[in-house]
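The structure under discussion appears below in the form of structure tokens.
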Amino acid sequence: MSISGDDDAARRAGAILSIDLGAIAANWRGLRDAGRATGRQVDCAAVLKADAYGTGAAVVGARLAAEGCRHFFVAHIDEGIALRRVLPEPPIYVLNGLLPGTEPDFVEHRLIPVLNHLAQLNTWRAAAQRFSRTLDAVVHFDTGLHRLGFSAEDAQVLINERGRLRGLRLALIMSHLVASEDTSNPVNGEQLSRFRTFVRAMPGAPTSLANSSGIFLGPDFHFDLLRPGAALYGINPLPGQPNPMLGVVTLHAHILQTRRIDAFQTVGYGGAWRSARPSRIATIALGYADGYFRNLVNRTHMHLAGHTVPVIGRISMDLVTIDVTDVPEADCQAGAMVEVLGPHLTPDDLADHARTNAYEIMTALGRRYHRAYVDGYAGGPADDAGEAA
Ligand SMILES: *Cc1c(COP(=O)(O)O)cnc(C)c1O
């Protein structure tokens, strides 16, 4: 399956990030089906910002399009332009909206800006006039996140003066949830009722509210279009509960060298770790420059030949040291691969160790890792994949 250039790159790479496209596709189908469970025509988009949370937007976008996904979200204009090269047809929405002077870029690449305030709407309407064509637009209403989106005042102006949309086709009305992963948080219901008010005031346009966790808040939150990102990539949308999604990434890194040290020797910068016994230390080919955060020291582990091996000593830019004293010598020679992420330690687990969330772990996944795509999910692509594409 892989071409020889790929094999060369894999041989040279310090670490190999394996991305299971079949699992991403299965996760997408699962979320789409959750939206359809009540028999309504709910569509499921894919959020591909930050290079599809580190998994590769072009490859993932093409795979999900083949699966039947017809709506794609990115954050930046350039992400949209890059995605357009592999997805000639479907709508691509740019969440961060227009930047001054970028209207021609949106028009040229048929990107749809998410309009976050009245001035952006005016700019886009002027562009429609200038280019003498009807342009698609998304209007984002702020229902409480207070980050992006039409304020209540801006929204009232638009509701009172629908003529402000002249020359534009309202492709979607959307909002974004504050704490969707916290199912008992009353802010979810408050945002739902505010969003419904906007929807009632702007009848006719398709509507979208739910990110990954929002989908699990139930059908009231589904509207016309689901907007999952994290859950597609295997991040648990239900913190504290079993993960309903399939794991997507595994990361294996090379052992570069294994050495014996005596008791009471230090390892790494600052001499921050000291052996309590004669030990064997393996040095691994990744570091904080690859998104393996410095604060993981003394808090996490890797997996090798059925053993859990602690990460010890300071994390360097390109290197990490692990204590392999309890692993049979034959299993921890230079050249062996250590499991850094995978079934034994998921991105959610590593995020707990690093006191962050799996979104940050995923989006920080190193650009130096060799990315190897597999399509290993037993279910395979959906039967109607070809037709839907
Ligand atoms: C990132 C983002 C999403 C996807 O959120 P997940 O929690 O990753 O599913 C959806 N909508 C907006 C506006 C976003 O910024």
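Quick notes on this structure:
- The set of residues in the range 296-315 being of a type in the set (S, T, N, Q), within 21 Å of GLY271 (Cβ to Cβ) and either modelled with pLDDT of 95 or more or crowded, with 17+ Cβ neighbours inside 10 Å (or both) consists of THR300 alone.
- When the range 83-98 is filtered for residues that are surrounded by fewer than 19 Cβ atoms within 10 Å (Cβ to Cβ) and touching an Asp or Glu at 6+ places or on another chain (Cβ under 9 Å), only PRO91 remains.
- Near pairs, Cβ below 6 angstrom, 6+ apart or cross-chain, from the range 188-207 (assigned by TED's automatic domain parsing to the domain that holds HIS222 and within 21 Å of CYS44 (Cβ to Cβ)) to any residue that is among the charged types (D, E, K, R) and surrounded by 13 or more Cβ atoms within 10 Å (Cβ to Cβ): PRO206/ASP224; THR207/ASP224
- Residue that is among the hydroxyl-bearing types (Ser, Thr, Tyr), crowded, with 19+ Cβ neighbours inside 10 Å and modelled with pLDDT of 95 or more, where the choices are SER184, SER180: SER180
- From ILE261, ILE215, ILE281, residue being β-branched (Val, Ile, Thr), under 30 Å from ARG11 (Cα atoms) and surrounded by 21 or more Cβ atoms within 10 Å (Cβ to Cβ): ILE281
- For the range 78-101, a tally of residues being assigned to a loop (DSSP other than H, G, I, E, B) and more than 16 Å from the ligand (Cβ to nearest atom) returns 7.
- When ARG166, ARG162 are checked against the criterion of being in the same structural domain as GLY97 (by TED's automatic domain parsing) and in contact with a helix residue (DSSP H, G or I) (Cβ under 8 Å, 6 or more places away or on another chain), a single residue qualifies: ARG166.
- Per the listing SER184, SER213, the residue uniquely over 28 Å from ALA127 (Cα atoms) and within 11 Å of the ligand (Cβ to nearest atom) is SER213.
- For LEU256: the one exception among (1) within 15 Å of the ligand (Cβ to nearest atom); (2) hydrophobic (A, V, I, L, M, F, W, C); (3) surrounded by fewer than 23 Cβ atoms within 10 Å (Cβ to Cβ): (1)
- Those residues of the range 337-358 which are of a type in the set (A, V, I, L, M) and surrounded by fewer than 18 Cβ atoms within 10 Å (Cβ to Cβ), in sequence order: MET337
- Subset of the range 216-232 [assigned to a helix (DSSP H, G or I) and more than 8 Å from the ligand (Cβ to nearest atom)]: PRO219, ASP220, PHE221
- Any hit, the range 61-71, residues being touching a Pro at 6+ places or on another chain (Cβ under 8 Å) and modelled with pLDDT under 95: no
- Test: residue in the range 126-138 that is within 16 Å of the ligand (Cβ to nearest atom) and of a type outside the set (Val, Ile, Thr): yes
- Restricting the range 52-77 to residues that are without any contact (Cβ under 8 Å) to a residue 60 or more places away in the chain and either closer than 14 Å to LEU95 by Cβ or of a type in the set (Asp, Glu) (or both), the residue that is farthest from the ligand (Cβ to nearest atom) is ILE77.
- Screening PRO203 against (1) touching a strand residue (DSSP E or B) at 6+ places or on another chain (Cβ under 6 Å); (2) farther than 17 Å from ILE361 by Cβ leaves a single unmet condition, (1).
- Scanning the range 32-50 for residues being part of a helix (DSSP H, G or I), more than 13 Å from the ligand (Cβ to nearest atom) and surrounded by fewer than 20 Cβ atoms within 10 Å (Cβ to Cβ) gives a total of 2.
- The condition (being surrounded by fewer than 17 Cβ atoms within 10 Å (Cβ to Cβ), among the hydrophobic types (A, V, I, L, M, F, W, C), closer than 29 Å to MET362 by Cβ and within 25 Å of the chain's Cα centre (by Cα)) is satisfied by just one residue among LEU172, LEU145: LEU145.
The values are calculated or read from the model by the stated rules, or taken from the named source; none is laboratory data. Please read all numbers here as calculations on a predicted model, not as lab measurements. Positions of Cβ are generated from backbone atoms using ideal geometry, with glycine treated the same way; all protein chains shown enter the neighbour counts.
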